[in-house]
Amino acid sequence: MLNYVSLPLFDDYEYSYTIGLEGLSYTVVMKYNERAKLWFMDLFLEDTTPVALGVGVVPLYPIALDLAISPLNGYFWLENIPAINTEQYKQYPDKLRQYYRFYYIYET
């Protein structure tokens with residue numbers, strides 16, 4: 001069975017928050033890189049141990065599926081909101097939440 005955890009997106013170029021994924025607490029750090037024109041994600045355990053650093057957040061791609069992020073066995077998914085022109089996020093990258101929804105998806 002697939003489980004979906006909705007992850008928040010904020011109107012800023014850099015932010016972090018703590019969230020429970022598969023029974024453990026993680027800190028998610030999101031940063032926009034102007035030069036790369038891309039969002040990047042860092043993931044830390046609650047004791048600040050890095051789990052994954054500098055992972056590109058690419059729409060409609062199973063993000064971090066190819067990484068061994070123990071004990072996580074799922075992936076992150078950035079999905080466009082239907083009927084919204086998602087190309088505008090390139091002009092207004094700090095408004096990502098207006099164009100996309102972000103999830104962590106795992107199987108139990």
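The values are calculated or read from the model by the stated rules, or taken from the named source; none is laboratory data. From a predicted model like this one, the values you see are computed outputs, not experimental measurements. Counting neighbours? That spans all protein chains shown, and the Cβs are built from the backbone with ideal geometry, glycine included.
Worth pointing out:
- Of all residue pairs spaced 6 or more apart or on separate chains, those with beta-carbon atoms under 9 Å, a first member in the range 1-15 that is over 17 Å from TYR75 (Cβ atoms) and a second member that is part of a loop (DSSP other than H, G, I, E, B) and among the charged types (D, E, K, R) are TYR13/GLU34.
- Residue within the range 33-51 that is of a type in the set (Phe, Trp, Tyr), in contact (Cβ under 8 Å) with a residue 60 or more places away in the chain and in contact with a helix residue (DSSP H, G or I) (Cβ under 9 Å, 6 or more places away or on another chain) present: no
- Residues in the range 11-25 that are at pLDDT below 95 and hydrophobic (A, V, I, L, M, F, W, C): LEU24 alone.
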